[in-house]
Amino acid sequence: MATASISKAERTYIQSSLQANPPLRADGRSLLDYRTVFLETGVAPLANGSARLNMGKSPQEGGGGTEILAATKLEVEDVETGGGVDGGRLVCTVTCSPSAYPQLSSNALDELQYDLTTVLHQTLAHPALHPCNLGILPRKKAWLLSVDLVVLADAGNALDALFMAARAALWDTKVPRTRPIQYQGRRGGGANEDAMEAEGDPAAGARSAFDTRDMKRDAADFELPDYWDEGEVLDGRDRWPVCVTLNLLPPTHFLDATSSEEGSAPVKLLLTFSFPSNQPTSLQAMRMIGSGELLLAQMKSLLADGEKYARDLFQALEAKLRDEDVRRNVKARGKFAMR
Amino acid sequence: MPRPPSPSIPEKEFLYSSLKQSLRLDGRNPLEMRTPALTFGPELGWVECALGKTRVIAQVDAKMVKPPPERPLEGIISIHSELSPMASSEYDSGRPSDEEVTITRMLDKVLRRSDVVDKESLCVLAGQRVWHLRLTIHCLADAGNMLDCSCLAGIVALRHFRRPEVEVVGDEVTVHHPSERAPVPLSMHHTPYCLTFAYFPDATILPVLDPSHLEQTLSAGLLTIALNAQRELCVVQKAGGVPLAPDEILRIVGIAVDKAKELDKLVEQKLKEDWAGRTVEVR
Amino acid sequence: MSSRVEILNDGGYRSDGRRQYELRDISIDTSQQGSADGCCTLRHGLTEVLVTIFGPREAKMRSQTLHDRAVINVEVNVLPFSTGERRRRARADRRILELAATIKSTFEPVVQTALYPRSQVDIYVQVLQQDGGLLHACVNATTLALICAGIPMTDFVCAVSGGVHSTEPLLDLTMLEENDLPHMTVAVMPRTGKVTLVALETRLHVDRFAEIFKLAGEAGQALHKEMKRAVRNRTSRLVDAMETSMKQPVGGERDVVMEDRMDF
């Protein structure tokens, strides 16, 4: 993946300090520490759900760190004529701001964007994670849930940050409530028909009105009822996975690499776990990036370790997201009381 | 592809010093346009417009299409501009250059966004059939001020074009061949003209209207104004270039108003002449 | 379009409760972003843009450099969720290219490019949210970001949009007003009062044009004060930070010496 090129000497320096006993990192973290993560949901008022995530912002100057902006947007799609899929679908796109990768040419940037999009989309659009409230009318209308992620700055470990931001934005997503409307061919019911009868030939008027309704008996549409909140939360929001990238530097591995550390670890193992409540943990994606080899036995222990790290990350994120919900609800309630 | 050579230093100095004395290399006054030469083709809606050696062909054709569901009552107008390397070696066939983007966007703004053609009049049968007007602009040669020339060609082509008469009976649409019934002109709201002024780095040099190629390359900023003879501005564009005093811009706008009136008179007269010669042809 | 909203009511208020000549809330954040040399997040009401500057630096494509001055490269990216309707715009979209070209040519004469021959200044614009006045927000944010990056310029560039509702001029239009009214954007250089950018895209009578044009020029001056304040705040913060950091490392000893002297 795209990293700033570092010199051989620098690489050896970083590698040997990581392998030293005790291991040393430039920012004083231990091998398994994450940098401080700042997360805020509901940052884009025009989106259905959004989150801004910063990993490793320096507290004094307020700058630096990997910064991701994520937003979800819902659109109605027609299943029969449009590109919709029964039960809704999810499309995930990653855009990289050129300011995050100032050293890359625009073609390289496109490639990187494509790579990241593939990883995110393949993982998040998997049927096992599909939320069941994306359908509106069976075989007719469905929601298209598009998840857009923007990498505003990359100071290493963009993938973990992307998954976390995606999870936060999806957590924040509210699906508008819909109410299906059925046209019923009841005779002599509506005031509309009465009006038509009064107008012209009574028999013909009644018939034509009846006919159109008969045709539409099967057809149905939906409406958006007025309700106090923006809608219900996305189904299965505890299923959205978290990703941990293990940077392998035999015999050890370390987490949450900064950009220069990313450049000095030859192999990265990407593990994405989902921790649904009341169900066993599942591994959603696994990728080995970089050149190198792994023994099978190593793999097993790495997987077990990875699961542990991911669970910690998951729990921390979950707590933060619940906090955010409370914070925003309090704010909304405050606003309501003000009025 | 090699870039064309930029003007040499003597060339530059000669131009600047002559402009300082209000003299232009082609003998025009600073605020004088090259007189546009309009040639109409045998078909309706085919116009060749020449400003000096800058030449542009504009052609309009119409066909019936089904309108998009979001705008069932409006016709469609699309503008295709082709700036091939034929016009000047500066235009490359690959990624559009800034100049090309400016020209196509300006054409779009002047001829489409400013509501030149009444789109609702292009509707034949609501939601079913509308006219789709296609204006194609071919740039043949660029000897400066391609933008004004293309806009003039485009607008004259729209004025010159006549669409076949249609008859609607119930849901049935009959298109009459031009030989059966005289085709009808498009219903147009107004006729905007585009005027470009060039500014030079030296503040003592007065702006020139309708810059030639050399003047355009050596200028330090263009101010483009599109307006109609009814004193309505459609587009004013001054993107960067030398900063100008607000009063100067208002003065130029005032000049443009008079020029647009002159241009309008000329175009009307040409169209009338052409139509006078043409009525004989239509049976 | 949505239901017809009264753009200017009898009491002289606009749909968002502003007066005719009132500008929207402006908030400027010039804190560091990633590895950029200068950056600025600017909000005009609900319109929000983020501009980051890199440079002057060696150009990615050496062939594009000029021997006597720096090249300015502008890239604009409109986020897909920045508008009500989700729309993905390709980077080669003409409107975006035009916006980029406009920003580029607005700043070319203002930035003192001649000081940095054979180099490049990159201006990356991210449009985070749109609610009218996109061009003027981009121009203002770029000015501030360039100043933060320490790139020498001859003056500020302050842009304001304006429009007319029947005969009443309005300033700083929202998306709703932009859709209904003829509008234009004017950028002024406050020191000389000269105009670098005028963009009008809708039909407007010449006399009305003159009216808004003058008004927008004045509003640009007002905006200049606000922008200048933001720059001053940032600079004083930086100076404070420099002073504290200069004291700290040499901390203990020197302080004692000072105290000793005071005792004398």
Taking the stretch C:165-189, which residues are within 13 Å of chain B (Cβ to nearest Cβ) and open to solvent by less than 10 Å² (accessible area, probe 1.4 Å)?
C:Met184, C:Val186, C:Ala187, C:Val188
Among the residues of the stretch B:99-119, is any surrounded by fewer than 20 Cβ atoms within 10 Å (Cβ to Cβ), more than 14 Å from chain C (Cβ to nearest Cβ), closer than 25 Å to B:Leu271 by Cα and touching a residue at least 12 places away in the same chain (Cβ under 8 Å)?
no
Of the residues in the stretch B:166-187, those that are in contact (Cβ under 8 Å) with a residue 12 or more places away in the chain, surrounded by 11 or more Cβ atoms within 10 Å (Cβ to Cβ) and closer than 15 Å to B:Cys123 by Cβ number 7
Any hit, the stretch A:10-27, residues being out of contact with any Pro (no Cβ under 6 Å at 6 or more places or on another chain) and within 30 Å of C:Asn73 (Cβ to Cβ)
yes
Could you please let me know if B:Ser212 is touching a residue at least 40 places away in the same chain (Cβ under 8 Å) and of a type in the set (S, T, N, Q)?
yes
May I ask you to list pairs of residues, at least six apart or on different chains, whose Cβ atoms are under 7 Å apart, with the first in the stretch B:256-270 being under 12 Å from B:Pro192 (Cα atoms) and open to solvent by less than 40 Å² (accessible area, probe 1.4 Å) and the second being of a type in the set (Ser, Thr, Tyr) and at pLDDT 90 or above?
B:Ala260/B:Tyr193; B:Leu263/B:Tyr193; B:Asp264/B:Thr191; B:Asp264/B:Tyr193
When residues of the stretch A:34-51 are filtered for being touching a Leu at 6+ places or on another chain (Cβ under 6 Å) and more than 14 Å from every other protein chain (Cβ to nearest Cβ), how many remain?
1
In the stretch A:222-248, anything in a strand (DSSP E or B), modelled with pLDDT under 85 and in contact with a helix residue (DSSP H, G or I) (Cβ under 9 Å, 6 or more places away or on another chain) is listed as A:Glu232, A:Val233
Restricting attention to the stretch C:118-135, and to residues there that are touching a Gly at 6+ places or on another chain (Cβ under 8 Å) and within 22 Å of C:Ser35 (Cα to Cα), which single residue is farthest from the other protein chains (Cβ to nearest Cβ)?
C:Ser119
Go over the candidates A:Glu75, A:Glu67, A:Glu80 one by one and state the one that is more than 26 Å from C:Ile53 (Cα to Cα) and within 14 Å of chain C (Cβ to nearest Cβ).
A:Glu75
Inside the stretch C:144-153, can you point out the residues that are within 13 Å of another protein chain (Cβ to nearest Cβ) and crowded, with 24+ Cβ neighbours inside 10 Å?
C:Ala145, C:Cys148
Against the conditions (1) within 27 Å of A:Thr41 (Cα to Cα); (2) part of a loop (DSSP other than H, G, I, E, B); (3) in contact with a Pro (Cβ under 9 Å, 6 or more places away or on another chain); (4) open to solvent by 20 Å² or more (accessible area, probe 1.4 Å), where does A:Asn278 fall short? Just the number, please.
(3)
Restricting to the stretch C:203-217, name every residue that is open to solvent by 40 Å² or more (accessible area, probe 1.4 Å) and more than 7 Å from every other protein chain (Cβ to nearest Cβ).
C:Asp207, C:Arg208, C:Glu211
Of the conditions (1) within 27 Å of B:Glu232 (Cα to Cα); (2) polar (S, T, N, Q); (3) assigned to a loop (DSSP other than H, G, I, E, B), B:Ser121 clears all except one; give me its number.
(3)
For the stretch B:130-156, name all the residues that are open to solvent by less than 20 Å² (accessible area, probe 1.4 Å), among the small types (Gly, Ala, Ser) and in contact with a Gly (Cβ under 8 Å, 6 or more places away or on another chain).
B:Gly144
Pick from the stretch C:212-254, criterion over 30 Å from B:Ile249 (Cβ atoms) and hydrophobic (A, V, I, L, M, F, W, C), ranking: modelled with the lowest pLDDT
C:Val250
Leading residue by the ranking (modelled with the lowest pLDDT) among those in the stretch A:249-287 that are of a type in the set (Gly, Ala, Ser) and touching a strand residue (DSSP E or B) at 6+ places or on another chain (Cβ under 7 Å)
A:Ala265
Could you look through the stretch C:53-71, keep only residues that are at the interface with another protein chain (Cβ under 10 Å from one of its Cβ atoms) and not small (Gly, Ala, Ser), and pick out the one that is farthest from C:Glu98 (Cα to Cα)?
C:Arg57
I'd like to check something: does the stretch B:64-76 contain any residue that is in contact (Cβ under 8 Å) with a residue 60 or more places away in the chain, farther than 30 Å from B:Leu19 by Cα, within 14 Å of the chain's Cα centre (by Cα) and part of a strand (DSSP E or B)?
no
Which one of these does B:Ala220 not meet: (1) open to solvent by 10 Å² or more (accessible area, probe 1.4 Å); (2) in contact with a Cys (Cβ under 8 Å, 6 or more places away or on another chain)?
(2)
Inside the stretch A:254-289, the number of residues satisfying the requirement of being within 29 Å of A:Gly64 (Cα to Cα) and more than 19 Å from the chain's Cα centre (by Cα) is 18
Does the stretch C:53-86 hold any residues that are closer than 30 Å to A:Ala47 by Cα and open to solvent by 60 Å² or more (accessible area, probe 1.4 Å), and which are they?
C:Glu85
Of the conditions (1) open to solvent by less than 30 Å² (accessible area, probe 1.4 Å); (2) in a helix (DSSP H, G or I); (3) farther than 26 Å from A:Val79 by Cβ, the single one that A:Thr123 does not satisfy is (3)
Which residues, taken from the stretch C:130-184, are more than 18 Å from the chain's Cα centre (by Cα) and hydroxyl-bearing (Ser, Thr, Tyr)?
C:Ser166, C:Thr167
Name the residue that is nearest to the other protein chains (Cβ to nearest Cβ), counting only residues in the stretch B:191-248 that are β-branched (Val, Ile, Thr) and out of contact with any Phe, Trp or Tyr (no Cβ under 9 Å at 6 or more places or on another chain).
B:Val235
Residue count, the stretch C:38-52 (criterion: more than 8 Å from chain A (Cβ to nearest Cβ) and open to solvent by less than 60 Å² (accessible area, probe 1.4 Å)):
10
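The values are calculated or read from the model by the stated rules, or taken from the named source; none is laboratory data. In this text, all values refer to a predicted model and were calculated from it rather than measured experimentally. As a convention, Cβ positions derive from the backbone with ideal geometry for all residues, glycine included, and neighbour counts pool all protein chains shown. Each accessible area value is taken on the protein alone, full model and side chains, heavy atoms only, with ligands, DNA and RNA left out. Shrake-Rupley method; radii C 1.70, N 1.55, O 1.52, S 1.80 Å.
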